[in-house]
Structures are given as C-alpha cells and as structure tokens.
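The values are calculated or read from the model by the stated rules, or taken from the named source; none is laboratory data. Owing to the predicted nature of the structure, the values given are computational and were not obtained by experimental measurement. FYI the Cβ positions are ideal-geometry reconstructions off the backbone, even for glycines, and counts take in every protein chain you see. Surface areas here come from the heavy atoms of the whole protein model, side chains and all, with no ligands, DNA or RNA. Shrake-Rupley method; radii C 1.70, N 1.55, O 1.52, S 1.80 Å.
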Amino acid sequence: LSIRRQRQMCIRDRHMSGYHFLFVPGPSNVPAAVQQAIHCPMEDHRNPTIPDLIQPITQDLKKILRTETGKVVFFPSSGTGCWEAALQSTLNVGDKVLGASFGQFSYLWLDMCKRLKFEPITMEEEWGTGANPESYHKHLSEDKNHEIKCVLVCQNETATGVRSDVEAIRKVLDDLNHPALLFVDGVSSVASYEFEMDKWGVDAIVSGSQKGFMLPAGLGILGMSQKAIDAMKNSTYPTCYFDVADMIEKLDGGYLPYTPPVNLLRGFRVAIDMIFEEGLENIWKRHYRLAEGTRRAITEGWGLNLCAKEEKWYSDTVSAIVVPEGFDASKVISTAFNKYNLALGAGLSKVAGKVFRIGHLGDLNECMLFGAISGAEMAMLDNGIKVEPGSGAAAASKYWSQNVSGELKSKSVAK
Ligand code: PLP
C-alpha cells in the first residue's frame, strides 16, 4: 500500500476479517443508533431549532451528574479542557491546590496546576492504590489559614484501574470545616459507575464524551456547584475559550459562544436517551457485573494480578493486568492488535510494559467481553505467558451465569 493510502486508512480498512474489538478504556464503542444520529447533514449552528437540541441536553446532563442545584456545561474539547476550565474559572494565580497522585491522570491534573501557575501540593500515593483520605486530612488540618483553595480527586484512575472514594474526601473537608472547593475527575467513571454530585458535595465534576457517554471524543462535560459558580466571581485568572461564565450564559440561551459540533450533539441526544432508557443505576450495576466477570477471568482464570492492590480500589470501568516478571506487556498489546484485531489499553508511564488494560465501559455486554478476554489470553500465550487456554473465559462465564444482576459498590448510593 502507498504511504498515502495507509495514512487514509481507518481501522475498518485493515483487511482483517470480522469486527475490530475496541477494548481500550476510552474511546469506547459508539452504539449504531448514536453513529447514525451523528451521520447527518451539516446545519447552521445558529438556526432557530438549535436551542431545542441544546437546552434539554444541559438539563438531562444534570440528571446524569446527579445535581439539582448545580449547572452543567460542555465544551467542544476533550476532558482535559474541562480540567482547565474548572481551575481557571474559579481560582487565582498562586492558589494552593491539594491533590493525590497515583497514576498518569491524577498526576497530569496536578501537573496542569503547576503549568497554569497555581501551587499544587502533591500527595504521592503508591500506584495501584487511590486517594487516601488520611493524607488529605493531614494536609487540610495543618492548613489553619485556609490557603488551600481547591482539592482534587481522580475518581477513576484509568492508568491503573483504581477507584477512589470521593465521599470520604468530602467527609474530611466537612469534618475539618475546610472551605476548599472539591473538584473531581470523573472522565472514566461518570455515566458508568456511581457518581453523586449534590450528595457528595462536589463543586466541579469533569468528564468527557468518549467513555461512559458512548460518543466519539470531542465534548468535555463539566458540572459546577453553586459554590464553584460563586467562586468564579472572585477569580481574576484570564479566561477566553474555556470561560465557564460565558458558556453558562450562552447555553442558557440554547447556543454556544462559538461553533459547536452539532453532529456530536445530535449523537449526544441519542446517547442520553439510551442512558435513560437503561436507567443510570442499572448502568452502574451492569458495569459492576461486567467488571467483576473480567476480574474473575484475570485473577481466578489466569492467576494474574490486577494493578489495583485491594478490592476497595477496584475500578468498574477498567482493569489493568500485571504481566508476570520478565514479560513485556506492550508485546501482548501489539500481538492482540495485529493478530487478533483487538485493541487493549497500554501501560502508561511508570507501568509501561508492565501492564495491559481491558476497558469495560460504555455500550458493552458479556459476549463482547469474552472477545477481549480470549483475545488477550491468546496474545499472552503467543508471547510465552503461561496461562491455561480457555481459563479466562471459563472463570468469567462461571461468574456471569451464576450472578444475574450486578451490585452497587458505593454504600451510600446503594442505600
Ligand atoms: N482523566 C482521566 C481519568 C482519563 O482517563 C483521561 C483520559 O483518558 C483524562 C482525564 C483526559 O481526558 P481527555 O483525553 O478526554 O482529555
């Protein structure tokens, strides 16, 4: 093939028969109905019907983020844009921001704080664990003058497959009567597993379209509490593209301050309808069930370890699998891609070559996951990793056939 033709090729054109199995932890699979909705003619983004599309989406997003009192906006960006929007709109240069770093994404958010001239206080935690409420307590209790203006928590660390307990961090703030804003990264958890903006007192929640929302990348989603909106009035940080106040004002009128990706929004409408049709809590339970079957395949079937060190850290959207000493996880990933048409998630930064990841989020069912489990298993065998052929699928099958409905992991949500 000419280089030019190769560059034009999309994954569908790789001359491999059958489906491409997309099992990275985002982008996730886009349902056919959503793809069809996106595939519509271009239209004037200022036409008079646009508010009928946009206003209900912003209202419906409040239900998904579980807020009645907050505001939800979206930007034509990825999730990273909303990290930036939340920080820049509410804080001032030099403000102290406290956050735990235990994986690539929790690290990057704090790194952004440094680059944007805030003053991050980074609590290093072991990769494979999550946000430690005791570390937050230590720093916040020593902060008698309330210099820490904002606390960051990555609810789902996608690099290691770790979930953090956001509610526990809220409790630390409440117990200390500390007024810092609580910002949560929910890029790979929102619309997949439990998240409660109002109940957990979250001031900013950041997400993106390409994971639980089952859309292509291209929309950053941001929920802001009234407290965060009030903080915007005291921020002198210069903002332009990511100005949340501008966005709130324009979205209230049914438009955006600039050209929106209307096609994506047409898809968003259908994706949100699908979420409501299944029911948010049923989606949370489905994600637990699918994740648990995958975990059984990894630990009981293959006898391998998850990167997440303990059950309390297990993520319901992504599992990071540690390959045995002496093996290279990146070879498993390339075999899976080239031989089995299966995309697995790579190990990032500190865990590069040590783990591969199976994303189990979005529009997904058991049989699809069997493809990922069996494909990963074959790719491991091809690379000399001694797992028992068929053992992953057998362990998952046993779990899925014996456990009909999923569970909710967060106790306060389950109540
Ligand atoms: N935070 C988490 C937890 C993520 O998983 C990702 C991306 O995978 C990001 C932030 C960055 O989001 P985006 O790639 O949409 O900018």
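Could you order peptides 162-169, 381-388 by the average number of other Cβ atoms within 10 Å of their residues, highest first?
On the way: 162-169: 24.1, 381-388: 14.9.
Highest mean packing first, the order is 162-169, 381-388.
Considering only protein heavy atoms and a probe of 1.4 Å, how much of the accessible area of the chain is carbon and sulfur, as a whole percent?
Details: 9130 of 17710 Å².
Carbon and sulfur atoms account for 52 percent of the accessible area of the chain.
Between 0 and 90 degrees, the angle of helix 50-65 with respect to the longest Cα principal axis of the chain falls at about 80 degrees. Counting only aspartates and glutamates at least 8 places from LYS144 when in the same chain, those with an alpha carbon closer than 14 Å to its own are ASP175. Using a cut-off of 23 Å between Cα atoms, the listed pairs LYS63/LYS199; LYS62/LYS312; LYS62/LYS285; LYS138/LYS285; LYS71/LYS149; LYS331/LYS386 include LYS62/LYS312; LYS138/LYS285 as exceeding that distance. Shape of the range 325-392 from its Cα gyration tensor (a ≥ b ≥ c, root eigenvalues): rounded if a/c is under 1.5, otherwise prolate when a/b > b/c, or oblate? Oblate, because a/c is 1.5 or more while a/b does not exceed b/c.
Can you work out the accessible area per residue across the range 273-415, with the rest of the protein chains kept in place, probe 1.4 Å, in square angstrom? Don't skip to the answer; put the middle values down first.
Numbers: 6290 Å² over 143 residues.
Ligands and nucleic acids excluded, the figure is 44 Å² per residue.
Relative to the longest principal axis of the Cα atoms of the chain, the long axis of helix 166-176 lies at roughly 30 degrees.
Of all DSSP beta bridges confined to the range 75-205, the antiparallel ones make up roughly 10%.
Judged by the ratio a/c of the largest to the smallest principal axis of the C-alpha gyration tensor, the range 238-329 counts as prolate, that ratio being 1.5 or greater while a/b is larger than b/c. Couplings 3J(HN,Hα) for the range 324-333, derived from phi with the Karplus relation 6.51 cos²θ - 1.76 cosθ + 1.60 (θ = phi - 60°), are x, 3, x, 10, 10, 4, 5, 6, 4, 5 Hz, where x marks Gly and Pro. DSSP assigns beta bridges within the chain; of those with both partners inside it, close to 50 percent run antiparallel. Each residue of the range 190-199 was assigned a 3J(HN,Hα) from its phi angle through the Karplus expression (A = 6.51, B = -1.76, C = 1.60, θ = phi - 60°), giving 4, 6, 10, 9, 3, 8, 9, 5, 5, 4 Hz with x at Gly and Pro.
Quick one: grab the alpha carbon gyration tensor of the chain, order the square roots of its eigenvalues as a ≥ b ≥ c, and give me rounded if a/c is under 1.5, else prolate or oblate depending on whether a/b is larger than b/c. It comes out oblate by the Cα gyration axes.
Once both labels are positioned 7 Å from their Cα atoms along Cα-to-Cβ, the gap between MET9 and ASN282 label points is 4.0 nm.
Here the contact order of the chain, divided by its residue count and restricted to Cα pairs under 8 Å and six or more residues apart, works out to 22 percent.
Taking packing as the residue-averaged number of other Cβ atoms within 10 angstrom, the listed peptides 53-66, 31-44 run from highest to lowest as 53-66, 31-44. Using just its DSSP H runs of length 4 or more, each adding -39500 (n - 2.57), the chain gives a mean residue ellipticity at 222 nm of -12500 deg cm²/dmol after division by all residues.
Once the Cα atoms are used to define both axes, helix 262-278 deviates from the longest principal axis of the chain by about 70 degrees.
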